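Derivation of every value follows stated rules applied to the coordinates shown; laboratory data play no part. On a predicted model such as this, the values are computed, not experimentally measured, just so you know. All Cβ positions, glycine included, derive from the backbone under ideal geometry; neighbour counts span all protein chains shown.
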């Protein structure tokens, strides 16, 4: 139990870090009145949007909670609500700080680049630590309560149910927040560009554009709040499901299981500490490289995590070379012997687990490096798109699509190698531990990402408030690396989903055997219902992507109409004599985004349920289970590629534009630049709406399937 | 044996139809000297390209043949060469007629729309009938030879080996021809547009553009020769593998098996007759609707095929309600009992097979209808892209991508329903028969497709030869429906691949049990090596697509450079006083296309082999087999979506441009039109290079895996 207390303490430490750092950020000077006015408009818009988004989600959540209460009982419902509320809190608080740090970053950039960097990154780190801290706290507290005061065995039904329900709560919020925020941010961005840059011929972030505040609000609700909810979900699902897998698959005494199940919590805890240390290492070196400064923090965390994880593992397991966990515990032998044997082989040692976690760290490092290769301006991919822009819009888009397709190869190979290696070491449990150490760094990774919207906003505020050119140069420099760090987080999240997929599928098959031991389910690829499930699962990311892209187009259309109307009705706006009605545009995007997020978000929730009942009707329960199981893997097999191609491709397009703006291939205003702007516009909904929302979509499909099994079996907690 | 003779007779009939119709087409007047000069240049270019392409393929083919001879023996090598040569013949002869029909269609369009339509469609029908006829002949002759003079049992090893090798020969040509032709056609098209329309400001098909002949050559080598090779391959693989599945899975006397295995041949035969009748029904009605005329032919064939298939089935099986084929024959029981039982259930009746074939016809009709919905100018998808063009290049591309993602949904659902329904009727054999009847209409479907390049060329020739405006109007009208019919064929080919996938996987598992009965292979989704195979298989279409798109960009770059150089060195070209060096440009595209097609074509050939040996090294042979098997399904699960989204999306972009050119959203020359041209350019390599080549890629991966098993088992024919 001590281990769980340490984990709880680390979670509290992360939250405290957030509180203390917020005070630091909020104490920084907030600039002149004009800057504060602009910031206030952004704050108001962001608050209004999130308020309405969470109200809508609350209604959906309440309906789901009632259904859960009726089918799965009180404990699951409470855990579901806890996951949902904490996910919302992480996003809301992160956004709250982000919309206050933006203006302070602009102000700090007046004096130095380091000042701006520190403020923006600290603000991101608050979100990061809240995500990891609240995630770890929620899992630890549930585990502590049920194994302590609740008097449950560590691998009891109730713990499995509660952790699954917690993950579901986090996932449900996450998909709405990712998609709603993604639609908001890109509808405002694309709409503002179309009517501002293209029609009215005014620059980006021009205060005369009525959509400019909505654009800035969008950065926060999409890249900050939406992303925080996404990573909170990924964190909870991965660490929670690792524990569930241990409970389902590993044999041992209560004490041994307690320890093994608490190990992921402790790893999460120590990595919070290494992440906090890392945040203090973000400092500009001699070369004034911002990316270099961020990497200093990131690599510090990675390197410190190696001994931290080693000692954590040793502390929990004692002798690292003793074999722990043979195949299948007593209660499982009858139903799950073959799978369990496959899952853990002849048992594994603490050292095996340590190496699996090193594989997870390695995957994190490689995914970061690969993403930088595909989206950074120093490498072939972005430069090839920039070069293709010389021959026009069409060739820019063709090359961008080619790069987006190609960018899936290396991450897939990394993931495949990681799966094989960690599986060879310790079976499915090994894969789960690799995913756990990958996610343990979430605090640091989210910090890098949440830094993006702050600097993006800071640039906008500097422009709108008419700050001197050198300030704008500094904020632009800070912003440029944001494209890469944002792409990194998305690649990281989807990579973890691929590793987690195997663990989730393992949980599904184990649940199946536990609840429906008498039904023989054939998951073999030669069962056509498996093929059917794979195909329909693979369809989901495509359909979901289509919905997301269309939603952005439609919502952007509303923005264009509103801005045109404002320009027409109030000629003073373009003359600069009267202020546009920013709030009205924010309100329109808000309504549109909320409306558009509902249907696609329900797609992954309802698909496994509908598929189950359809196949049950036309064939048998066994094949219905087989189809649903195959759907879970179909959605990851296709979703991995859709998500990586969209997020990397979008990032590459964005930076190809930036590369041209830096004076290459004719620079700003050239024909190549115009083509690159087209590519950037195409990449926007790719990388910020459809692509990143695929990650929670994959997880929610999986978790709904797990809950479906529990509900069909008549509840259990 | 009578049945096989009938099938051979039908195959000969199709070839005779081709010969007689070629005479008709070639007898038609070929226009004035200027037209004939242009046509001669196209003929020369196409011949030169195909000559070099086939030479290159012959070298690869010879290497493969030697490897096959050493590992699999004489019979397989001969069958491989037969498949390869006939695939080449179908493409070459089709192209030969196509480049002569183009100028005659332009000449016929001088007098009437019907005249042009008849000539163009007849030319397409020649290719169509050659594809179906030669395909049927090759399978029938092998089957006849081995069961007759060869004295083999119908389900003997040798027949299975020979049919697989035949399919491999067809596939290997197909992937090179599809990809090489696809790169050629789009590199010439995109290059000609970039430097002609965009830089020099001269219209499409302007004779001053040195790339104009290459562009016209491209239509023939890509859409005619490449497509013919693709469909020949699809035909041979589908019908051949249906026969192989029967041999592997169904029990019965020699006579019963002979009949059942000959049924796909007879179905192919009677559908050649219904297709020939259909070609005579292509006539303009009162509404002068060209699409209507083509559909008249298509639906005539579909409707006549219903009774034709019914009577063919009855002729072969006699009592349609008698149960034939119980689970697994004697030689299989020991090794394949479970799969075979699953494959054919408690046996099936002739009526069951008839209904499966009706499902295949239904899928054909639905895929045609869905493709028309997504690519026709009368429906929401194309119109939404046209509307989005009003707000610029970016929104055109975003909406196009959204449509391309969405367009995968309905075909997937149709295929899933067809799989479930035909499986319920007669197990995997039922799915195979559904695929067979789908492919039996290939003659008609190819005719519709091969019509496209002829009318496309006719328009170009009319323009270059300066024919009167009303002639150009007629050729444009003929050409417009070509976009839809071309998309239809591609949807059809990939749809058949999805149905065939299950059959191919069934053949793989059966082969495994036959050769490696002592190796227990776990194809369950809970085996991580299955996940690894699925992920790597799913990667192949992405990587292949990236190669294809990049190749087009690179090859188009060479065209741009050459045309710029010609304009610079010879100012008389733009003045219209001297003739550009068309041949030089054709030669450059030829070299580029040949060079670019090699690496991507080898990707699916080598991937299963490499994966097998890698997994064999790190784990076991059983898991190596499992990974390779999963790769076969991964490639279809992801390839289906990549291919459909690319071909439908590309068609929609193309027709959105045409819809605007018809005077909507500002018409030709408007900003919306410029945006639509960008979308069309993006769609070009999508729909004509990367997308369609995915179909042979899927098949080749599967067949290589089958051959790998045979080779590992030490040959056998």
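Which whole-number percent gives the relative contact order of region A:564-680, counting Cα pairs below 8 Å spaced six or more residues apart?
Relative CO of region A:564-680 lands at 11 percent.
Could you please state, rounded to a whole Å, how far the C-alpha centre of region A:253-278 is from the C-alpha centre of region B:573-605?
Region A:253-278 and region B:573-605 have Cα centres separated by 61 Å.
Give me the percent relative contact order of chain B, please, defined on Cα pairs under 8 angstrom at least 6 residues apart.
Result for chain B is 22 percent.
Measuring label to label, 7 Å along Cα→Cβ, what does residue A:40 give against each other copy in nm, shortest first?
8.3
Across peptide B:698-710, what mean number of C-beta atoms from other chains lies inside 10 Å of a residue's C-beta?
The shielding value for this peptide is 0.
What's the center-to-center distance, using Cα atoms, between region B:415-490 and region A:438-481 in Å?
52
Hey, for a label at residue A:284 modelled as a point 7 Å past Cα toward Cβ, could you say which residues of region A:478-522 have their backbone N under 16 Å away?
The answer is A:478-482.
Given q = 0.15, 0.23 Å⁻¹, what are the Debye log10 I(q)/I(0) values for region A:610-658, with equal point scatterers placed on the Cα positions and solvent ignored?
For region A:610-658 at q = 0.15, 0.23 Å⁻¹, log10 I(q)/I(0) is -0.54, -0.77.
What average count of beta carbons from other chains do you get within 10 Å of the Cβ of residues in B:544-556?
Other-chain Cβ atoms within 10 Å of each residue's Cβ, averaged: 5.
Give the value in nm², to one decimal: projected area of the alpha carbon convex hull of region B:192-252, averaged over all directions. It would help to have the intermediate numbers written out before the result.
Numbers: hull surface 21.6 nm².
Across all orientations, region B:192-252 yields a mean hull projection of 5.4 nm².
Mind checking Rg over Rh on chain A, alpha carbons, Kirkwood formula for Rh?
Rounded to two decimals, Rg over Rh is 0.97.
So if R0 is 35 Å, what FRET efficiency would residue B:618 and residue A:291 give, r being the distance between their Cβ atoms, rounded to the nearest 0.05?
0.45
Convert 20 °C to kelvin, take the viscosity as 1.002 mPa s, use the Kirkwood radius over C-alpha pairs of the protein assembly as shown as Rh, and evaluate the Stokes-Einstein diffusion coefficient in µm²/s, rounded to a whole number.
My calculation gives 66 µm²/s for D.
Rounded to the nearest 10 degrees, what's the angle between the helix A:469-515 long axis and the longest principal axis of chain A, both from Cα atoms, 0 to 90?
20
Shielding by partners for B:681-691, please: the mean number of other protein chain Cβ atoms within 10 Å of each residue's Cβ.
Per residue, the number of nearby Cβ atoms from other chains is 3 on average.
Report, to the nearest 10°, how far helix B:691-712 tilts away from the longest principal axis of the Cα atoms in chain B, using its own Cα long axis and a range of 0 to 90°.
It works out to around 30 degrees.
Going by how many other Cβ atoms sit within 10 Å of their own, how do A:1, A:243, B:351 line up, fewest first?
Going from sparsest to densest Cβ surroundings: A:1, B:351, A:243.
For a label point 7 angstrom out from the Cα of residue B:575 toward its Cβ, which stretches of region B:181-199 have the backbone nitrogen within less than 12 Å?
No residues fall inside that zone.
Measuring label to label, 7 Å along Cα→Cβ, what does residue B:669 give against each other copy in nm, shortest first?
With the label placed 7 Å along Cα→Cβ, residue B:669 yields 2.9 nm.
Using only C-alpha positions, report the orientation-averaged shadow area of the convex hull of region A:251-331, nm², one decimal.
Seen from a random direction, the Cα hull of region A:251-331 projects 6.8 nm² on average.
Report, in deg cm²/dmol and to the nearest 500, the calculated mean residue ellipticity at 222 nm for chain A, where each DSSP H run with n ≥ 4 adds -39500 (n - 2.57) and the sum is divided by the residue count.
Values: 22 runs with 580 residues, N = 717.
Roughly -29000 deg cm²/dmol at 222 nm, from the helical runs in chain A.
For A:107, B:157, what's the fewest-to-most ordering of other Cβ within 10 Å of each Cβ?
With the sparsest Cβ surroundings first, the list reads B:157, A:107.
Evaluated at 25 °C with a viscosity of 0.890 mPa s, what Stokes-Einstein diffusion coefficient in µm²/s does region B:1-41 have when Rh comes from the Kirkwood expression over alpha-carbon pairs? Spell out each step's value before the answer.
Numbers: Rh = 12.7 Å.
Taking Rh from Cα pairs, D becomes 193 µm²/s.
Measure out, as a whole number of angstrom, how far apart the alpha-carbon centroids of region B:345-364 and region A:174-229 sit.
Between the Cα centres of region B:345-364 and region A:174-229 lies a distance of 53 Å.
Using a Förster distance of 25 Å, how high is the FRET efficiency between residue A:141 and residue A:602, based on the Cβ-Cβ distance and rounded to 0.05?
That gives a FRET efficiency of 0.25.
Counting other beta carbons within 10 Å of each Cβ, put A:485, B:111 in order, fewest first.
B:111, A:485
Give me the one-decimal nm value for the distance between modelled label points at residue B:59 and residue A:668, 7 Å along each residue's Cα-to-Cβ direction.
5.1
Any idea what angle helix B:350-375 forms with the longest principal axis of chain B, computed on alpha-carbon atoms, 0 to 90 degrees, nearest 10?
Here the helix axis deviates by roughly 20 degrees.
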